[in-house]
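Since the structure comes first, as structure tokens, the remarks are kept for the end.
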Amino acid sequence: MHPHTVLLIPELLEKIFSFVGRDDNVINACVCKQWSEITLDLVWKELKSLPQLLRLLRPYQKRDSDGSIVFDRQPELKDWVRFQKYANRVLTLRYRQGQEDYSCLLDDMARTRTTLKIFPKLHTLEWLFEDIKCMERATLFMHSRVRHIVISAPPLSHTVKSSFFVDACARMPHIHSLDLRVCYAVHLIEADVLKLLRGLPDLKKVIFPEFYLTSTIVSALSQKSYVKAIQFKHAPEQGLGEEARVGSFAPVLEQGAFSMLQGLEMTVRLGNVIRFMKIDFAPINITSLYISTYVDHNPRELYTLLITLSEYCHFLSRLHIKLLHIPGHLKPAPTKQITFDTLRPVFAFQNLSTFKVVHKYPVDISLEEIEELARRWPSLENLHLNEEPLVMHDFTLDLQALVPFARHCPQLRSLGLFMDVKKIHTTQQLRPFTALSVLSVGTSRVCDPAIAAAFLSFMCPPGCKLDVDMSWTLNSGPSCRGWHNDVLSEVNRRSLSWEGVKDLLRLFDQIWREEKEKRRALQRENENLRTRNGLSMDKPEGNIKTNDSAVVPRRQTNIRTKMVAPLTKVGRLVHHRINAMTSRRTWPRG
């Protein structure tokens, strides 16, 4: 069979094969020459396994004498010719050092290679090492076309850490994004990091461990002409700095600082952020700001921060503020709770569409204030209003808090609220969300999973994710590492209740899909009856056989009337039934 000519278009084939797994594309590569060229590019586009790469060159084995891994023989010219057919397709190489030692194999590759660039089209290199020997082998894949690098810092035992960074800058001078992972304190490597930053003139994005964005490093980044994003990660594999190093934050900025910066993430005190945004050449044109702090702040400081940002950062569209301090004794403190008046300055932002705040105490906000918030913020796209406080007993909201957002915020995609889910009494006309994709409930309490699932199945569109995860355990401050047993047990208990809600939601969604299928079947039946009825009504009288007589016998006319009348009656009945079903939306679904 000859394929359709549309399947001979390379771009279309590549798009189709991109949705297929690697193993299937290996099979597709055996179909024909055209498919082979396209699928091999996809198969070898990203290398996640170093053994997979090494087997392309030569088979290898582990020696019994010392346990080292070696090739069965030295790679020759013909091996490299075969290897290059696949190496020219590799764009991304990822390697994380494990128990197996491939140093001998990499050394043989370095000695016998026929070209300086083993992967000439490589643009992303991820090389995470633990010892000096593995660190030195990373240079084998570095060259001037690499644009993105994820790399560990030299081991603490390595005395001259800057030598590795200088070598990396010389081999990869046009790096656009740098993801640096360090497992020790920032003061032990800060000077070397500064040398690394100065050697990368085209840098656009940096990702550091938490507590690594010190005043000195931020000052150095401010002088980079193309930096657009400065970020950090809480993840354990990213590493961790010293919280004390970011206690005082006062970068020195010069004219032209942060000329292209769009996103900024910092672990810093709120007062330092306020002063930072008021100095000359501050990055006031940013569109995204993420602030986390492990110091105890009062709501007045948060209010002042919001006022300052609304006055200076007119282009801000995303704002995340995490107040992550945990006291020795978790107990309600009304004077330290965030209130609606604390958050009222968010209405002064001109472009803010995403807002998230995290605090140990629940936000003191009423249903009437939620109504005002939703009504005055119709452009809202993402709102997380401290859905996971650690003091979990002061409730001011229930599921009715979802109603104003569904009514006034048609673009809302993600919502997080702290609620007490119980029996619902509402006289308002319910309108479901149209764009919501994530509903985060955090440490909210649910008393009856059936009631919660019934209400959410009506309010949330199909496919909306119910998020019950907690982010406090990912934070890196010392106060977040020791948890109270009673807090953990309560969090786990509430999570189990919400898992029951998720199970019921899946059941309701299945019932709703079945109901929709039945509705479609009735609609198809109705259309069929309408068609048959129309054909019967439109059929001319002359088509009825009359034995060559010009007069239609009364008996045949009565038969025709008797045939048409039931069809018309049934069609009208089905039509009214479907219209009634489609025009009336019942609650809850299913």
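The values are calculated or read from the model by the stated rules, or taken from the named source; none is laboratory data. What you see is a predicted model, and the numbers here were worked out from it, not measured in a lab. Don't worry about glycine lacking a Cβ; one is built from the backbone with ideal geometry, like all the others, and counts go over all protein chains shown. Heads up: the accessible areas ignore ligands, DNA and RNA and are worked out on the full protein's heavy atoms, side chains in. Shrake-Rupley method; radii C 1.70, N 1.55, O 1.52, S 1.80 Å.
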Requested in this report: Show that you can apply the helix-only estimate: for the chain, add -39,500 (n - 2.57) for every DSSP H stretch of four or more residues, divide by all residues, and state [θ] at 222 nm to the nearest 500.
Outcome: -12000 deg cm²/dmol
Report task. Could you tell me whether the chain comes out rounded, prolate or oblate from its Cα gyration tensor? Rule is a ≥ b ≥ c as square roots of the eigenvalues, rounded for a/c under 1.5, then prolate if a/b exceeds b/c, otherwise oblate. Result -> oblate
Requested in this report: Find the relative contact order for the stretch 207-292 and round it to a whole percent, using C-alpha pairs within less than 8 Å whose residues are 6+ positions apart.
Outcome: 34 percent
Query raised in the report: So how tilted is helix 485-538 from the main axis of the chain? Cα-based, degrees 0 to 90, rounded to 10.
Result: 40 degrees
Query raised in the report: Farthest toward the dipole's positive end in the chain, which of ALA453, SER353, GLN262, given Cβ charges of +1 (Lys, Arg) and -1 (Asp, Glu) about the Cα centre?
Result: ALA453
Query raised in the report: Over the stretch 1-45, one equal point on each Cα, no solvent: what is log10 I(q)/I(0) by the Debye formula at q = 0.16, 0.19, 0.22, 0.31 Å⁻¹?
Result: -0.36, -0.51, -0.68, -1.22
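Given a 1.4 angstrom probe, I'd like the percentage of the accessible area of the stretch 363-477 that is carbon and sulfur, rounded to a whole number.
Numbers: 2180 of 4420 Å².
Carbon and sulfur together cover 49 percent of it.
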Query - Listed peptides 505-511, 224-230 by packing density, highest first (mean Cβ within 10 Å) - result: 224-230, 505-511
**Report entry** Accessible area in square angstrom per residue, the stretch 303-394, 1.4 angstrom probe
**Finding:** 39 Å²
Query raised in the report: Hey, got the dipole for the chain? About the Cα centre, +1 on K and R Cβ, -1 on D and E Cβ, debye to the nearest 20?
Result: 2640 debye
Report task. Could you work out how far the C-alpha centroid of the stretch 103-180 sits from that of the stretch 377-399, in angstrom? Result -> 46 Å
Query - Portion, in percent, of the accessible area of the stretch 85-139 that falls on carbon or sulfur, probe 1.4 Å - result: 47 percent
Query raised in the report: Using θ = phi - 60° and the Karplus form 6.51 cos²θ - 1.76 cosθ + 1.60, what ³J(HN,Hα) does each residue of the stretch 19-26 get, whole Hz, x for Gly and Pro?
Result: 8, 9, x, 4, 4, 5, 5, 4
Query - Dipole in debye (nearest 20) - the stretch 203-308, about Cα centre, beta carbon charges: Lys, Arg +1; Asp, Glu -1 - result: 300 debye
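Suppose every K and R has +1 on its Cβ and every D and E has -1 on its Cβ; what is the size of the dipole of the stretch 1-45 about the Cα centre, in Debye to the nearest 20? Please report the intermediate quantities before stating the final value.
Details: 4 positive and 6 negative charges, 4 e Å.
My answer is approximately 20 debye.
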Requested in this report: Indicate, rounded to the nearest 5 percent, the antiparallel portion of the DSSP beta bridges found entirely in the chain.
Outcome: 5 percent
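So with the 1.4 Å probe, I'd like the accessible area per residue for the stretch 1-45, rounded to whole Å².
Working: 3360 Å² over 45 residues.
About 75 Å² of surface per residue is accessible.
Pairs of alpha-carbon atoms within less than 8 angstrom and 6+ residues apart define the contacts here; what relative contact order does the stretch 1-45 have, in percent?
On the way: 30 pairs, mean separation 14.9, N = 45.
Reported relative contact order: 33 percent.
Arranged from highest to lowest average of other beta-carbon atoms within 10 Å per residue, in what order do the peptides 409-422, 307-320 appear? Numbers along the way, then the final one.
Details: 409-422: 20.1, 307-320: 18.1.
The packing order, highest mean first, is 409-422, 307-320.
Rounded to the nearest percent, how much of the accessible area of the stretch 1-45 (1.4 Å probe, protein heavy atoms only) is carbon and sulfur? Let's see the in-between values first.
On the way: 2200 of 3360 Å².
Its accessible area is 66 percent carbon and sulfur atoms.
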Query raised in the report: Taking H as built 1.01 Å from N, whose amide H comes closer than 5 Å to the amide H of SER444, not counting residues under 5 places away?
Result: MET419
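Could you give the accessible area per residue of the stretch 185-297, probe 1.4 Å, as a whole number in Å²?
I get 40 Å² per residue for this part.
Remind me, relative contact order of the chain in percent, using alpha carbon pairs under 8 angstrom and six or more residues apart? Numbers along the way, then the final one.
On the way: 1001 pairs, mean separation 34.4, N = 590.
Over the chain, the number comes to 6 percent.
Please go through the residue pairs LYS195/LYS278; LYS133/LYS322; LYS228/LYS331; LYS356/LYS516; LYS117/LYS224 and name each one whose alpha carbons sit more than 32 Å apart in this structure. Provide the component values of the computation, followed by the final result.
On the way: LYS195/LYS278 29 Å; LYS133/LYS322 40 Å; LYS228/LYS331 41 Å; LYS356/LYS516 36 Å; LYS117/LYS224 28 Å.
LYS133/LYS322; LYS228/LYS331; LYS356/LYS516, as the Cα separations exceed 32 Å there.
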